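The values are calculated or read from the model by the stated rules, or taken from the named source; none is laboratory data. Owing to the predicted nature of the structure, the values given are computational and were not obtained by experimental measurement. Note: ideal-geometry Cβ built from the backbone for every residue, glycine included; neighbour counts use all protein chains shown. Areas reflect the complete protein model, heavy atoms only, side chains present, ligands, DNA and RNA absent. Shrake-Rupley method; radii C 1.70, N 1.55, O 1.52, S 1.80 Å.
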Amino acid sequence: MSVTTDLIAELDTQATPPGLLDEGGKREVRRAALTAVCVPGYQVPFGSREMPVARGWGSGGLQVTLAVLGEQDTVKVIDQGDDAGVNATNLRRLIASTTGADQTADTREATVVQTRHRVPEEDLAAGKVLVYQVPVPEPLRGVEKSVIECARMHAEGDYSKIWVSLYEDLVRNGMITRTTGYPVLVGGRYVMATTPVPRWDVPRLNRCEHLNLYGAGREKRIFAVPPHTDVRPLTFDDVPFEVEHAPGAKCKRCGSEDVFLVEAGPNGGYACSDTEWCNRVLDGDADLDAHHERAPLQFLPDAQRRKGSASTTPRIEPVRVTGGPEWALRVDGIGKVHGPGGADAVPGTGPEAGTAVSPATGAIVAAWDVSFDVAPGEALGVIGESGSGKSTVLACVIGDQPATAGSVRLATVDSGETDILGLDDTERRKLRIDRMAVVHQNPADGLDLRVSAGGNIAERLTAAGWRGYHDIRRRAAELLDRVEVPLSRMDDAVGTFSGGMRQRVQIAKALATEPPVVLLDEPTTGLDASVAAGVLDLLRGLLSERDVAAVVVSHDFSVIDALTDRTLVMQLGRVVERGLTDQLFHDPHHPYTQRLVAAARR
Ligand SMILES: Nc1ncnc2c1ncn2[C@@H]1O[C@H](COP(=O)(O)OP(=O)(O)OP(=O)(O)O)[C@@H](O)[C@H]1O
């Protein structure tokens with residue numbers, strides 16, 4: 001803090017205080033803060049300026065405070081809960097000397113309070129502003145590394161990864177142990193990190209009277225909880241949110257029990273974290289009844305409440321339609337051209353031309369004019385050598401690649417009337433929750449290997465709206481049992497599993513929401529022959545006992561023969577033969593099919 005201290009000493013000698021933040025900068029902060037107030041919980045980007053404190057140590061909070069303070073304001077700064085700490089004292093003096101605002105240590109007198117770790121025990125009245133110094137604004141940090149993916153998840157309200165992190169915490173510790181930065185749903189829309197306050201302060205934000213402004217200098221974000229906004233801590237229906245509290249703990253100095261307590265030091269015991277409140281209680285200058293009434297006592301830990309309470313989450317029924325088309329999935333004329341020309345690149349490619357490369361444009365015609373449908377309870381095989389275009393067709397169907405031509409319909413979407421290729425990315429991603437599941441060749445593409453087997457299944461279930469912790473565990477156990485993963489491994493990270501077990505977990509996850517369509521991309525490639533045979537057996541059983549429509553993509557006729565009823569044979573992006581799998585296997589007509597069958601028989 002020596003830079004800050006020197007600066008303050010210099011500022012103290014000047015008659016007219018200079019500004020630390022130019023007026024343009026303040027305006028930008030105020031504009032961002034206004035947007036943040038209009039969209040509660042949303043992180044608004046702003047052009048964070050250099051401040052005489054390190055980024056991550058309060059520069060965001062300082063900029064917000066400087067931008068909102070006027071000369072008639074009175075500012076208070078707390079660090080941890082204490083007005084007298086070095087950081088708090090220096091920031092308060094710096095703010096007062098550069099803005100002309102009055103300074104105070106009394107929350108009742110302050111119009112703007114800057115804080116790092118606490119909401120003051122004295123509730124802030126309407127019209128007051130609480131500014132937070134935010135070190136980590138992103139609630140998805142820790143569950144998602146990509147900033148772009150975090151933005152997508154916020155935009156789509158896709159918070160299943162946060163739910164999985166809460167699930168994993170419960171599995172490991174029997175309770176949610178997360179302390180600061182507890183995730184909350186603000187205004188029913190955005191998940192926000194309540195950084196850096198303890199869980200004790202989280203319920204106190206709900207429908208509070210004052211304005212909360214959060215400034216993150218390093219991450220260049222401002223967000224807000226305006227007065228009277230709903231702030232709900234994320235928790236499962238059957239796992240109550242709890243604040244930190246040790247039974248019987250009270251402040252050694254003032255005797256308060258209904259406050260946030262910290263350990264008192266080497267001699268043990270507890271003390272108020274909010275030193276102003278503690279002093280006022282000792283001086284008889286605190287409204288104890290009003291404080292007690294608003295303390296988050298209904299959230300005190302209660303082991304009885306934690307055990308076996310029933311969830312209110314209704315069971316999600318498999319999505320099925322009656323009276324619609326006979327097929328569950330219908331693909332018409334799918335085509336994909338990599339490179340220039342679109343449909344104009346197609347002539348001169350395909351099996352007859354002996355190439356997938358367009359003579360006209362040089363583009364690769366990965367697939368063209370591929371059509372099929374699959375009925376509930378039926379499995380369709382798509383077979384071809386490497387490079388024949390089968391994965392491309394699958395990628396177009398699931399939305400991983402935009403198709404150049406064709407249409408894809410699901411009976412469960414608008415009774416098959418809507419071409420799902422015309423839906424936007426968000427809508428297509430939602431279809432993958434309970435309408436259409438994929439089992440990837442590489443389990444790492446379908447699973448988070450750091451998360452437990454149960455947690456991976458929980459991700460799909462929470463995305464589908466499941467909010468009962470015990471229901472989720474029961475469902476995950478049922479599925480893992482069905483795919484023959486020992487239940488003793490349910491809470492182990494999938495990264496510690498063998499390839500065959502990972503594939504089984506991926507299959508369990510794909511089936512978790514009973515989707516009517518399942519797409520399997522080389523489901524046994526990469527597994528040892530005996531392990532692959534076990535997975536094939538399992539899939540055969542699962543597909544026959546469920547009313548799903550399956551598409552199985554493989555280069556191996558023995559996989560197709562084991563699982564499917566009908567098959568398409570693909571070569572250089574085109575379907576060259578189709579028919580009943582049995583027939584194709586025993587009486588292949590096309591020379592290419594004959595080669596594939598011969599290879600499988602060898
Ligand atoms: N992004 C891309 N850019 C250019 N060409 C591509 C791209 N992706 C695939 N291709 C080409 O499209 C053709 C079909 O590829 P695809 O991966 O669909 O075949 P596949 O039958 O699934 O093969 P594999 O079994 O090896 O995955 C191949 O010639 C491939 O090189």
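Some values worked out for this structure:
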| item | result |
| --- | --- |
| Exposure ranking of Val370, Val438, Val357 by accessible area [1.4 Å probe, largest first] | Val357, Val438, Val370 |
| On Cα atoms only, tilt of 59-68 relative to the major axis of the chain in degrees | 60 |
| Whole-number percent relative contact order across segment 372-601, with pairs defined as alpha carbons under 8 Å at least 6 apart | 32 |
| Using a Förster distance of 30 Å, the FRET efficiency for Glu257-Arg189 (Cβ separation, nearest 0.05) | 0.25 |
| Degrees separating the helix 86-99 axis from the principal Cα axis of the chain, which is the longest one | 80 |
| Rounded tilt (10° steps) of 499-511 against the dominant C-alpha axis of the chain | 80 |
| Cα shape, segment 372-601, gyration tensor, a/c 1.5 rule | oblate |
| Sequence of Lys250, Lys509 from largest to smallest accessible area, 1.4 Å probe | Lys250, Lys509 |
| Whole-Hz ³J(HN,Hα) from phi, Karplus 6.51 cos²θ - 1.76 cosθ + 1.60, for segment 266-272, glycine and proline x | x, 8, x, x, 10, 9, 4 |
| Pair-distance profile P(r), taking every C-alpha pair of segment 2-233, with 10 angstrom steps and integer % | 8, 34, 36, 17, 5, 1, 0 |
| Simple spin-label estimate for Ser530 and Glu50 in nanometres, 7 Å along Cα-Cβ | 6.7 |
| Normalised alpha carbon radius of gyration of segment 381-453 [divisor 2.2 N^0.38 Å] | 1.24 |
| Length-normalised contact order for the chain - Cα pairs under 8 Å, 6+ apart - percent | 12 |
| Potential lengthening between Glu417 and Val86 on full extension [0.36 nm per residue; Cα-Cα distance subtracted] | 112.5 nm |
| Long-range HN-HN contacts of Gln103 with modeled amide H, under 5 Å | Val75 |
| Cα centre as origin, Lys/Arg/Asp/Glu Cβ charges: the chain dipole, Debye | 600 |
| Where Ser273, Ser371 fall by accessible area, highest first, once all protein chains stay in place (1.4 Å) | Ser371, Ser273 |
| Cα-projected label distance for Ala9 with Glu484, points at 7 Å along beta-carbon direction, nm | 7.7 |
| FRET efficiency, Arg178 to Ala444 (Cβ-Cβ, R0 25 Å, nearest 0.05) | 0.40 |
| Average accessible surface area per residue within the chain, 1.4 Å rolling probe, Å² | 42 |
| Inter-label distance, nm, simple model (7 Å from Cα along the C-beta direction), Ala353/Glu149 | 3.8 |
| Prolate/oblate/rounded call for segment 311-447, Cα gyration tensor, a/c under 1.5 rounded | prolate |
| Those lysines that a straight Cα-Cα span of less than 20 Å connects to Lys430, excepting residues fewer than 8 apart in one chain | Lys161, Lys509 |
| For a label point 7 Å along the Cα-to-beta-carbon line of His228, residues of segment 184-216 with backbone N under 20 Å | 186-190, 204-213 |
| Largest-first principal axis extents of the Cα set of segment 261-306 (Å) | 38, 33, 11 |
| Largest to smallest principal axis extent of the C-alpha atoms in the chain, angstrom | 96, 58, 44 |
| Helix-only mean residue ellipticity at 222 nm for the chain, each DSSP H run of n ≥ 4 adding -39500 (n - 2.57), per residue, nearest 500 | -9500 deg cm²/dmol |
| DSSP beta bridges in segment 2-233 [antiparallel fraction, %, rounded to 5] | 50 |
| Sites Glu385 and Asp344 - FRET efficiency at Förster radius 25 Å, r taken between beta-carbons, to 0.05 | 0.40 |
| Cβ crowding within 10 Å averaged over residues, with 170-181, 425-436 ranked highest first | 425-436, 170-181 |
| Cα shape, segment 30-130, gyration tensor, a/c 1.5 rule | rounded |
